[in-house]
Amino acid sequence: HEIDQDKIDRVRGMDITVVTTATNDDEGRALLRHLGFPFKEN
C-alpha cells in the first residue's frame, strides 16, 4: 500500500531499541556502524 501524502494529518515516528552483546560503548558503536547505522560526529 502506498501512502497518499495529501491525506497525512500529522507526522508519526517510531522508537527502536537495539540490544547487543558488546562489552562497552566503543564496541557497540563499531558494530552498529558496520551494520550501516548513521552516527553524527561530535
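Where a number appears in this text, it was derived from the coordinates with a stated rule and is not lab data. Predicted, not measured: the structure shown is a model, and the values here were computed from it. Don't worry about glycine lacking a Cβ; one is built from the backbone with ideal geometry, like all the others, and counts go over all protein chains shown.
Against the longest alpha carbon principal axis of the chain, how many degrees, from 0 to 90 and to the nearest 10, is the axis of helix 25-34 turned? Taking Cα atoms only, the helix is inclined about 50 degrees.
Here is how the number arises for the chain: DSSP H runs of 4 or more residues each give -39500 (n - 2.57), the sum is divided by the residue count, and the result at 222 nm is -7000 deg cm²/dmol. Packing around the peptides 18-30, 1-13, taken as the average count of other Cβ atoms within 10 Å per residue, puts them in this order, highest first: 18-30, 1-13.
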